[in-house]
1. Determine if the range 265-287 includes at least one residue that is polar (S, T, N, Q), surrounded by 12 or more Cβ atoms within 10 Å (Cβ to Cβ) and touching a strand residue (DSSP E or B) at 6+ places or on another chain (Cβ under 8 Å).
2. Of all residues in the range 270-308, which are touching a Pro at 6+ places or on another chain (Cβ under 7 Å) and either among the charged types (D, E, K, R) or part of a strand (DSSP E or B) (or both)?
3. Please find, among VAL335, VAL344, VAL315, the residue that is without any contact (Cβ under 8 Å) to a residue 24 or more places away in the chain, at negative phi and surrounded by 11 or more Cβ atoms within 10 Å (Cβ to Cβ).
4. Can you tell me which residue within the range 25-40, out of those that are without any contact (Cβ under 8 Å) to a residue 12 or more places away in the chain and either assigned to a loop (DSSP other than H, G, I, E, B) or among the aliphatic types (A, V, I, L, M) (or both), is nearest to TRP60 (Cα to Cα)?
5. Of all residues in the range 58-89, how many are more than 54 Å from the chain's Cα centre (by Cα), in contact (Cβ under 8 Å) with a residue 12 or more places away in the chain and in a loop (DSSP other than H, G, I, E, B)?
6. Going through ALA404, ALA425 one at a time, which residue ends up being within 30 Å of ASP242 (Cβ to Cβ), at pLDDT 95 or above and among the aliphatic types (A, V, I, L, M)?
7. Can you pull out every residue in the range 43-86 that is surrounded by 13 or more Cβ atoms within 10 Å (Cβ to Cβ) and on the phi > 0 side of the Ramachandran plot?
8. Which of the numbered conditions does PRO438 fail, given that it passes all the others? Conditions: (1) of a type outside the set (A, V, I, L, M, F, W, C); (2) surrounded by fewer than 12 Cβ atoms within 10 Å (Cβ to Cβ); (3) modelled with pLDDT of 95 or more.
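The values are calculated or read from the model by the stated rules, or taken from the named source; none is laboratory data. Only a predicted model underlies this, so the values are computations on that prediction, with no experimental measurement involved. Counting neighbours? That spans all protein chains shown, and the Cβs are built from the backbone with ideal geometry, glycine included.
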Amino acid sequence: SKENTTTSHPAELDIAYAGGDGTITGVTTASGSGLTGGGTSGTLDLSLTNACAATQVLQWNGSAWVCSSAGTGTITGVTAGADLTGGGTSGNVTLNLNTTLVPLLAANNTFTGNNAFGGTINATPSGNSAPTIQAFDYSSSGAGGLWGYSSIGNGVYGEASPSGTGTSGVIGFGPIGVMGTSLSDSFGVEGVSFGGTGVYGNGSYYGVTGVGDTGMYGSGTTGVYGQGGENSAGVNAYNYNDGYGLIAGTYLGWAGWFNGNLEVDGTLSKAGGSFKIDHPLDPANKYLYHSFVESPDMMNIYNGNVTTDAQGDAVVELPDWFEALNRDFRYQLTVIGQFAQAIVSTEIADGRFSIKTDKPNVKVSWQVTGIRQDAWANAHRIPVEEEKPERERGFYLHPELYGAPEEKGVLWATTPKTMKRWKEARAKAAAMFEGTKP
């Protein structure tokens with residue numbers, strides 16, 4: 001339509017004119033104008049292009065009008081959501097991360113709440129002396145600075161570079177520096193080192209403490225090493241139940257080596273025993289052994305030599321504690337140097353006994369034995385025979401001597417998990433040994 005006004009109607013193409021003396025010879029719709037129609041004579045109609053699909057509109061793209069899909073909503077404001085700041089209801093608005101809630105990758109961050117990570121955390125220390133991951137617990141509950149859990153793997157795993165000096169895969173400080181719990185037949189804390197110490201603990205009371213079916217298990221050049229201070233123990237092993245305070249075994253060497261005095265506050269049971277010294281005649285190349293003298297009784301043996309006087313009498317003086325310690329005395333007399341008869345003329349009383357020979361000046365070798373009767377011995381008599389406990393029946397101290405397999409050993413009945421680990425360790429050692437053969 002053509003109107004002599006300056007106003008337009010919606011959805012129409014209006015040509016407003018105010019008069020003039022020009023002549024229109026034609027109307028052409030150019031490509032990209034968004035119009036159709038036109039011509040050079042008569043009454044001309046122009047309309048918006050109808051080439052767009054339903055719900056599309058014409059939109060200027062900077063050089064032409066083109067069909068474009070348009071949204072149907074209206075933005076009235078932008079509100080900052082969780083972990084964001086900023087927003088607004090007019091003009092250009094900006095949204096930012098809330099740095100008090102969201103950690104920044106290129107900055108130091110402090111976590112004050114519970115955080116869950118679903119992937120792998122890779123961290124690089126900020127300096128040579130700084131830890132890669134450091135966690136603190138300042139609560140009164142003692143929940144722990146760092147806690148890890150795994151259903152099939154390692155709860156917390158740490159690894160140090162082999163080229164480092166004095167480095168640690170995992171290090172912890174506190175009343176308990178590092179604590180591990182295993183819910184299966186495995187290790188609460190396991191440390192592996194290919195040139196140093198697998199697990200190292202340093203404390204004013206206990207350096208490393210282990211509690212479990214096997215409180216502490218070590219495998220290596222030195223399986224478990226402990227160093228104590230003054231009036232303390234290098235290794236403290238204790239079992240509060242009916243098991244063993246310490247179990248030690250070996251594949252080829254010694255289960256235990258004690259360099260120094262050894263005190264046993266209890267009964268010592270063994271399969272055999274001896275002293276072992278450098279051979280007196282060839283100390284550089286040989287050893288000399290003597291077996292212990294043993295008895296079914298808790299027997300003490302005393303001996304000596306004495307010479308009778310001109311009347312054939314001799315008195316043997318004994319220590320003042322002799323009769324308090326011993327009872328049930330037995331005597332042996334042997335004359336030396338001549339044929340003579342000797343008897344015990346007076347048995348032990350008041351710390352002495354007397355010997356009588358039928359000739360004067362006879363040298364006599366004497367031996368006296370006694371059974372201990374001190375308070376400890378009376379409370380802990382060694383049984384000569386006893387029935388095996390129920391769980392040890394069918395098992396042997398030395399199954400190989402009776403043609404039975406290793407698993408018939410007594411320790412397999414009492415500590416099967418430990419024995420299984422021992423067997424696995426021996427198998428690994430045997431494989432390594434075979435691999436080194438020429």
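1. Kept after step one, since they are polar (S, T, N, Q), are these residues of the range 265-287: 267, 269, 274, 285.
Next, from what is left, pick out any that are surrounded by 12 or more Cβ atoms within 10 Å (Cβ to Cβ): none.
No, that holds for no residue.
2. First pass over the range 270-308, keeping only residues touching a Pro at 6+ places or on another chain (Cβ under 7 Å): 288, 308.
The one that is touching a Pro at 6+ places or on another chain (Cβ under 7 Å) and either among the charged types (D, E, K, R) or part of a strand (DSSP E or B) (or both): LEU288.
3. Exactly one of VAL335, VAL344, VAL315 is without any contact (Cβ under 8 Å) to a residue 24 or more places away in the chain, at negative phi and surrounded by 11 or more Cβ atoms within 10 Å (Cβ to Cβ), namely VAL344.
4. Within the range 25-40, the subset without any contact (Cβ under 8 Å) to a residue 12 or more places away in the chain is 28, 30, 37.
Keeping just the survivors that are either assigned to a loop (DSSP other than H, G, I, E, B) or among the aliphatic types (A, V, I, L, M) (or both) gives 28, 30.
Numbers: THR28: 19, ALA30: 14 Å.
This residue is ALA30.
5. Let us first name the residues in the range 58-89 that are more than 54 Å from the chain's Cα centre (by Cα), namely 58-77, 88-89.
Add one more test, that the residue is in contact (Cβ under 8 Å) with a residue 12 or more places away in the chain, and what stays is 58, 63-70, 76-77, 89.
With the extra rule that they be in a loop (DSSP other than H, G, I, E, B), the set shrinks to 63-64, 70, 76-77, 89.
Result for the range 58-89: 6.
6. Values: ALA425 fails: at pLDDT 95 or above.
Going through ALA404, ALA425 in turn, the sole match is ALA404.
7. Once the filter is applied, which keeps residues that are surrounded by 13 or more Cβ atoms within 10 Å (Cβ to Cβ) and on the phi > 0 side of the Ramachandran plot, the range 43-86 yields only GLY86.
8. (3)
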